[in-house]
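The structure appears below as structure tokens.
The values are calculated or read from the model by the stated rules, or taken from the named source; none is laboratory data. Computed from a prediction, not measured in an experiment: that's the story for all the values here. Positions of Cβ are generated from backbone atoms using ideal geometry, with glycine treated the same way; all protein chains shown enter the neighbour counts.
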Amino acid sequence: MAHAYTPGLKVLAKTLVSKSRRLPLKGDVKVREGESVLADQIVAHTDLPGNIFPVNVANFLNVEPSELDDFMVKKEGDEIKKGDILAETKGIFGLFKSSVASPVDGVLDSYSKVTGQAIIREAPIPVNISAYIDGKVSEVIPEEGVILQTTAAFVQGIFGIGGERRGALKILTKDPGSPLTEDLIDESCKGKILVGGSFLTLNAFKKAENMGAEGIIIGGFNYKDIKDIVGYDIGVAITGEEPVKTTLIVTEGFGEIKMADQTFELLKHHEGDVASINGATQIRAGVIRPEVIISLKDAAGDSIKPSVIKGMEKGTVVRVIRAPYFGLLGEVTELPHELQRLASGSMARVARVKIYETKEDVLLPRANLEIYETK
């Protein structure tokens, strides 16, 4: 039977997760293939070139650029401290000298006898890449990074903000349909990844951030509140670099939406376990999902294969991503081959879905569905 391919969302109790950990520039890989690593372990290192500061030496000394060799005190490659003299005129009988001092610490990278400018480069900026997850090095990419693998519980969300963080899971609501309000958050949330049910208020997010929570996983959130958190509108670009102290992962969508039972129960099962989370999201081509990874210490990873979504077929669990059934889960009962005319008048491929919550059997465009993979 042919498959109808569609975007997928994973909520898996046990799967093989692979993560690529790469440097922005070539550098040194610190681990070997087959080596076991911990999440906070540095697996690769490089140094980014420092910022450059141009200084118009000829202009300051009121000399011709071609004469700079006669006045430079520092040579190319010399280390310089802020305030050190770069160049100096001889003056008259040793008096009335003019000089130019370095505005920063760094190295004299070069100077030009054409423009009269000296270039000072600050110290290199060290960049360390951590493993992010507990696992094993499955591949070393020379001078660039590594591929890590771990057997883990794995949950993907719909939307997120904030980057990579780690902490123990702490369940704050009694069930997946209850909202996470600020009265549920206290000092015990410091360093934790908080799990709520259907909705997170803006005040609750701000309180969690003030309390030092590493992250929050929630069913629904108010889209308009995101601007209050990050200070600007979120578009279709990649998220994950927002200036927030607490990473937010939304599993279902915007508004008050009950977290899926499978997701809530899986996270509840791992309460107290340390999870690695990342809110990075991209919703256009090259989809990136926010993620929760809980490495399973006692799992036999060699026998586990990575999960692959094959496609939509009869019996596939899906989630509706458009109104009026937005956020609801259901099961595909039929995949008609012929194009169907929609209420809008357009023709599209559709699927018949039995919605779990309402028990309705409805015909929906396949483009309005995403596969919800559980195992």
Can you tell me which of (1) within 23 Å of the chain's Cα centre (by Cα); (2) of a type in the set (D, E, K, R); (3) in a loop (DSSP other than H, G, I, E, B) is the one E33 doesn't meet? (1)
Among the listed residues I129, I133, I119, identify the single one that is closer than 30 Å to E33 by Cβ and surrounded by fewer than 22 Cβ atoms within 10 Å (Cβ to Cβ). I129
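Residues G50, G77: which one is loosely packed, with under 13 Cβ neighbours inside 10 Å and assigned to a loop (DSSP other than H, G, I, E, B)?
One residue alone meets the criteria, G77.
Name the single residue that is farthest from the chain's Cα centre (by Cα) among those in the range 267-326 being polar (S, T, N, Q) and at pLDDT 80 or above.
T316
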Candidates F93, F53 - the one that is aromatic (F, W, Y), under 41 Å from the mean Cα position of the chain (by Cα), at pLDDT below 95 and farther than 30 Å from R166 by Cα: F53
Exactly one condition in (1) charged (D, E, K, R); (2) in contact with a Pro (Cβ under 9 Å, 6 or more places away or on another chain); (3) not in a loop (DSSP other than H, G, I, E, B) is false for D69; which is it? (2)
Can R349 be described as surrounded by fewer than 18 Cβ atoms within 10 Å (Cβ to Cβ), more than 20 Å from G253 (Cβ to Cβ) and not assigned by TED's automatic domain parsing to the domain that holds Q262? yes
Every pair of residues 6+ apart whose Cβ atoms lie under 7 Å, when the first sits in the range 98-109 and is free of Cβ contacts under 8 Å to residues at least 40 places away in the same chain while the second is surrounded by fewer than 18 Cβ atoms within 10 Å (Cβ to Cβ) and among the aliphatic types (A, V, I, L, M): S99/I85; A101/I85; D105/A123
Exactly one condition in (1) closer than 24 Å to G157 by Cβ; (2) of a type outside the set (A, V, I, L, M, F, W, C); (3) exposed (fewer than 14 other Cβ atoms within 10 Å of the Cβ) is false for P365; which is it? (3)
Residues satisfying the stated conditions in the range 173-203, i.e. surrounded by 18 or more Cβ atoms within 10 Å (Cβ to Cβ) and under 21 Å from N278 (Cβ atoms): L180, C189, K192, I193, L194, V195, G196, L200
Go through the residues of the range 326-340 one by one and say whether even a single one is surrounded by 13 or more Cβ atoms within 10 Å (Cβ to Cβ), under 22 Å from T251 (Cα atoms) and out of contact with any Lys or Arg (no Cβ under 8 Å at 6 or more places or on another chain). yes
Selection from the range 238-266 of residues that are at pLDDT below 95, closer than 24 Å to M211 by Cα and part of a helix (DSSP H, G or I): none
Anything in the range 210-237 that is loosely packed, with under 13 Cβ neighbours inside 10 Å and not in a helix (DSSP H, G or I)? List them, or say none. K224, G231, Y232, D233, G235, V236, A237
What number of residues within the range 86-120 satisfy the criterion of being out of contact with any helix residue (DSSP H, G or I) (no Cβ under 9 Å at 6 or more places or on another chain), closer than 15 Å to N59 by Cα and hydrophobic (A, V, I, L, M, F, W, C)? 2
Near pairs, Cβ below 6 angstrom, 6+ apart or cross-chain, from the range 283-303 (over 16 Å from K19 (Cα atoms) and not assigned by TED's automatic domain parsing to the domain that holds G253) to any residue that is crowded, with 20+ Cβ neighbours inside 10 Å and modelled with pLDDT of 75 or more: A299/T151
